[in-house]
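Before any comments, here is the structure.
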Amino acid sequence: MSPLAMAQASSAEPAAAAVPGAQREASRPNFLVIVADDLGWSDLGAFGGEIATPNLDALANGGVRFTGFHTAPTCSPTRSMLLSGVDNHEAGIGTMAESLSPALAGRPGYEGYLNDRVASIAELLQQGGYRTLMSGKWHLGLTEDRGPAARGFEHSFALLQGLGNHFGADQGGAWKKANANTLYRQDGKLVRFPVGRYSADYFADRLISSLASGAKDSRPFFAYLTFTTPHWPMQAPAETIAKYKGRYDAGYEVLRAERLERQKKLGLVALDQQPHRLDGVKPWASLTGEEKALEARKMEVYAAMVDRMDQNVGRVIDELKRTGQYENTVIVFLSDNGPEGSEIDAPFQVRGMPGGAQKLGIDNRLENIGNATSYVGYGAGWAQANSSPSWLVKGYPTEGGIRVSAFAAGKGVVGNRIARGNLSVTDIAPTLLDLAGLTQPATFKGHPILPFEGHSLVPVLAEKVAEVRSPNEPVGTELFYRRALRKGDWKAVYLPKSGSTYPRDGVGDGKWQLFSLATDPAESTDLADRYEHKLKELIADWDRYAAEKGVAVPDSSAEHSPKS
């Protein structure tokens, strides 16, 4: 164990009787947690997609796929919940740091970084005798004292912000002048990303290097691999993009139908499942030939980003097999939220500024999209095709924003099956600690920490139970004043009319809606009028959740009326 770990004031304690050190270390599993960025529910082949993802598919099909795994509506709140096992409003990311208004600044739970009310799963595993490694996106604090090296990772290479140029072309010059440059830290110290390397390739390189350098370490490892693919800007190596030339020329409605049909054949959704209607999307047939070519190109690049991520997952798995670690490793994969549906053509720092994109050297001509100097998202049509059959996309507490593709595989996981329970990203930390034979301490570094709110999924992984939550356990969600409360199969959703700056052109009618996910997982039929008593119950549950977690909401009594 590192000197830092030994110096901690309190430690995660073994859950069972003491076992001789070497024997105990050999019996405990390694952990590899892989996070994709803005991945669509149906992008992977194992979840109905057409993109080449053989490595992830092999893991997913050989493991247990989750059809009811939920996150926060966007990335940093999800990451705070994953590492802490508690609600994002308690862990410090009540809203994204980029969206933190002066009115919220300084409010408990809205610090904009992973706060000290929690201990990260890396800190707890490190204290419990694990080697802790990270490579990829952090998004939980920019300063050295709030980076991964300060939160339990012995070795880390991290992009500090929420996104970056995938070829490292935004680290200085005009990008820095516009405050749109990226920052990276390696083991706590600021470093530069090697310009020209591709993000997924290099993040895998760094993790493989850390795994190899510690091959003789007797401790089990916790590896946290957080890709920035397929988050915008849509960029990928040209040879990977070329694989998808022409694949998406038929448009997003056709892709949506194809993917839903494959989901049915795979047993992921009911055979009679219908998708939610598309919101804010121009019919493909109404686009001009030039518009179709541009949109198809965006999706080709997006597919290449997913493809390249999968290739690098394969490289990491090969390293585990080469070093004899694979059979003793539990692998968890998830996306951090639903797919991104905003129209994007420049960084938010220069959006709306005359000549702002040009000053950064951005070139979004059709023939340049995918290269390091392009900067686009892929829009609402493709995003809703990728989240189908669910409603909406990233940024919303609807199923399209928070139900994500996820699976577990490896040691102790009963595989070759699908688990359909209502699971949460807060379940990951308690699951890992449980598998490590450790219990969460009440204090860390001499101060109290919040107890896990998530549940251990060990019984689900062992196929002993399907659910870890009772039908009466309420699970609240809030981001950008958009709200949801899940209780069993019932779900209440509130989308304010005003929405937020993220995503732009938000969807919302300013009233609570009610859905029965057992019969309507697409959230297509509002039952608020038919079951007004149930809606009132769930709204009251949400109010209690907001009060307990310190959620900031506008002061409007009308928002709490089912008829509003």
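In the range 240-337, the portion of solvent-accessible area held by carbon and sulfur atoms comes to 51 percent [1.4 Å probe, whole percent, DNA, RNA and ligands not counted]. Excluding ligands, DNA and RNA, the accessible surface per residue across the chain is 37 Å² with a 1.4 Å probe. Any idea how far the Cα center of the range 85-103 sits from the one of the range 143-188, in Å? Between the Cα centre of the range 85-103 and that of the range 143-188, the gap is 20 Å.
When the C-alpha to C-alpha distance is required to be over 27 Å, the pairs from Lys137/Lys298; Lys189/Lys321; Lys137/Lys264 that qualify are Lys189/Lys321; Lys137/Lys264. A Cβ-based charge dipole, computed about the Cα centre of the chain with Lys and Arg at +1 and Asp and Glu at -1, lands at about 640 debye. Extent of the range 28-166 along its three principal axes (Cα atoms, max minus min coordinate, largest first): 45, 37, 30 Å. Taking every alpha-carbon pair under 8 Å whose residues sit at least 6 apart, the chain reaches a relative contact order of 22 percent. For the range 364-376, 3J(HN,Hα) computed residue by residue from phi via the Karplus equation (6.51, -1.76, 1.60; θ = phi - 60°) reads 9, 5, 3, 5, 9, 4, x, 7, 5, 9, 8, 7, 9 Hz, glycine and proline entered as x. Normalising the Debye intensity of the range 372-469 to I(0), with uniform scatterers on Cα atoms only, and taking log10 at q = 0.14, 0.17, 0.20 Å⁻¹ returns -0.74, -0.90, -1.03. Classify the range 107-196 as rounded, prolate or oblate, taking a ≥ b ≥ c as the square roots of the eigenvalues of its Cα gyration tensor: rounded when a/c is under 1.5, otherwise prolate if a/b is larger than b/c and oblate if not. Oblate, because a/c is 1.5 or more while a/b does not exceed b/c.
For Arg131, the residues 5 or more places off, or on other chains, whose built amide H falls under 5 Å of its own are Phe221, Phe222.
The lysines within cross-link reach of Lys464, meaning a Cα-to-Cα straight distance under 19 Å and a gap of 8 or more places when in the same chain, are Lys411. Our coupling estimate for the range 195-206, obtained by passing each phi through the Karplus curve with A = 6.51, B = -1.76, C = 1.60 and θ = phi - 60°, is 4, x, 6, 8, 3, 4, 4, 6, 4, 5, 3, 5 Hz, Gly and Pro reported as x. Specify which residue in the list Gln161, Ala149, Gly412 is farthest towards the positive end of the charge dipole of the chain, using unit charges on the beta carbon of Lys, Arg (+1) and Asp, Glu (-1), about the Cα centre. Ranked along the dipole, the leading option is Ala149. Where (1) 46, 28, 24; (2) 33, 29, 24; (3) 48, 29, 19 are the candidate values, the label of the one calculated here for semi-axes √(5λ) of the Cα gyration tensor in Å is (2). Along the range 258-270 the Karplus relation, 6.51 cos²θ - 1.76 cosθ + 1.60 evaluated at θ = phi - 60°, assigns HN-Hα couplings of 4, 5, 5, 5, 5, 4, 5, 5, 7, x, 7, 9, 5 Hz to successive residues, with x for each Gly and Pro. Accessible-area rank, largest first, for Asp201, Asp318: Asp318, Asp201, with all protein chains present and a 1.4 angstrom probe. Annotation for the range 420-485: GluC sites (Glu not before Pro) lying in DSSP loop with at most 14 further Cβ atoms inside 10 Å of their Cβ are Glu463.
Derived from the Cα gyration tensor, the three semi-axes of the equivalent ellipsoid of the range 231-323 are 28, 22, 10 Å, largest first.
Prolate is the label for the range 31-111, because the ratio a/c of its alpha-carbon gyration tensor axes (a ≥ b ≥ c) is 1.5 or higher and a/b is greater than b/c.
The values are calculated or read from the model by the stated rules, or taken from the named source; none is laboratory data. These numbers were taken from a predicted model, which means no experiment stands behind them. As a convention, Cβ positions derive from the backbone with ideal geometry for all residues, glycine included, and neighbour counts pool all protein chains shown. When the accessible area is computed, the model is the full protein with side chains, heavy atoms only, and any ligands, DNA or RNA have been set aside. Shrake-Rupley method; radii C 1.70, N 1.55, O 1.52, S 1.80 Å.
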